[in-house]
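Note sheet for the following structure.
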Amino acid sequence: MDQIVSDFFLWKIDQNKMKDFIKNNNSASHQLKLIHKTISCKVNTENPVDPEFCLKFIKALLRILETNGAEVEETLYDVLHEVQLKAVQPQLEHSDKSLVDKYFKSYFIEDQVVSLAETKQIISDGTTGLTSWPAGIHLSHYISQNNQHFKQKKILELGSGTGITGIFCLKSKIPSKYILTDCHPKVLSNLEINLEHNLASDTSSYSLATLDWEAETPQTDNFADIDVVLGADIVFDSRIIPDLVKTIKSLINRKLDSLAFIASTIRNEKTYAHFLKELSDQGLSCVDCDYETSDPIKIIKIQLNG
Ligand SMILES: C[S@@+](CC[C@H](N)C(=O)[O-])C[C@H]1O[C@@H](n2cnc3c(N)ncnc32)[C@H](O)[C@@H]1O
């Protein structure tokens, strides 16, 4: 059931897992348990998943129960009715249409729940920063498991997107200060929502800033004393790699022993090789952090040569 539950909070349904779940046990109490862990769970009431997805989920569950000849627990039809109402209601509660709809994906990372307002589309408003990317989740695990590099450090993150890594670090009380940065106005507005939503009472430990790697006038001068620079899924476009590397170098150049950790999903070997070459060309050395996962993720540690 755990996988069905974590998929639910990421707006995903695996029909086969749901079928197995029902085949193993289709009792009324088992059906109710799934509803209590998903649709009726506190995480969903406080951080609602997209209502259209919720409707798909309950419909899929009912269809599988019915086609398997199971006796459907009556409460499930009440839940269907409630969810149907929410899904057809225009989103009147969310009056500010300039922001993404405030529906959340919830990520269970180590011992934290990080709930983030995200769009359904991977690219929306010309940016990839309104959904969370796998490298951001992996980087969070890495940080948690290798605490010594990050504990009580002043951290700056490049291309923070929805804020997944930063919010995880802040909820886990790892850094002394965390600066989340991005270049896209809508991403920055959404980041602000996500920070407030997850860290309402703890505003002193983080700040939010515009930092565009490609800006004509370098913006890194605004940031001093950074111990650690982070980035997740920011190596994706060969054209901007020289500017990205220049930004990393400029940030770690300002303090002795300052480091950068960059997590990347290797989608295109050539683009990643270009990134590594550019690091070397600009006088930076890097080592593989040997982060182990079945996903094509690499995390490297970068420092100044010499
Ligand atoms: C693929 S997303 C990754 C977001 C987040 N780090 C994650 O792991 O979910 C790439 C991010 O880089 C940001 N970005 C792209 N080009 C940028 C630039 N020139 N300067 C600063 N940020 C940029 C995007 O706005 C987006 O938030």
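So here's what we get for this one:
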{"item": "Residues satisfying the stated conditions in the range 11-43, i.e. outside any helix (DSSP H, G or I) and in contact (Cβ under 8 Å) with a residue 60 or more places away in the chain", "result": "Trp11"}
{"item": "Residue among Thr181, Thr247, Thr210 that alone is within 15 Å of the ligand (Cβ to nearest atom), of a type in the set (Ser, Thr, Tyr) and within 11 Å of Leu156 (Cα to Cα)", "result": "Thr181"}
{"item": "Selected residue [within 14 Å of the chain's Cα centre (by Cα), within 15 Å of the ligand (Cβ to nearest atom) and part of a loop (DSSP other than H, G, I, E, B)] from Gly166, Gly129, Gly136", "result": "Gly129"}
{"item": "Long-range neighbours under 9 Å by Cβ, at least six apart or interchain, first residue among the hydroxyl-bearing types (Ser, Thr, Tyr) within the range 269-280, second buried (at least 16 other Cβ atoms within 10 Å of the Cβ) and in a helix (DSSP H, G or I)", "result": "Thr271/Ile241"}
{"item": "Conditions (1) assigned to a helix (DSSP H, G or I); (2) loosely packed, with under 14 Cβ neighbours inside 10 Å; (3) more than 16 Å from the ligand (Cβ to nearest atom): number failed by Arg239", "result": "(3)"}
{"item": "Lys301 at pLDDT 95 or above, more than 14 Å from the ligand (Cβ to nearest atom) and part of a helix (DSSP H, G or I)", "result": "no"}
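The values are calculated or read from the model by the stated rules, or taken from the named source; none is laboratory data. The structure presented is a predicted model; accordingly, all values stated were derived computationally and were not measured. No Cβ is skipped: glycine too gets one built from the backbone with ideal geometry, and neighbour counts run over all protein chains shown.
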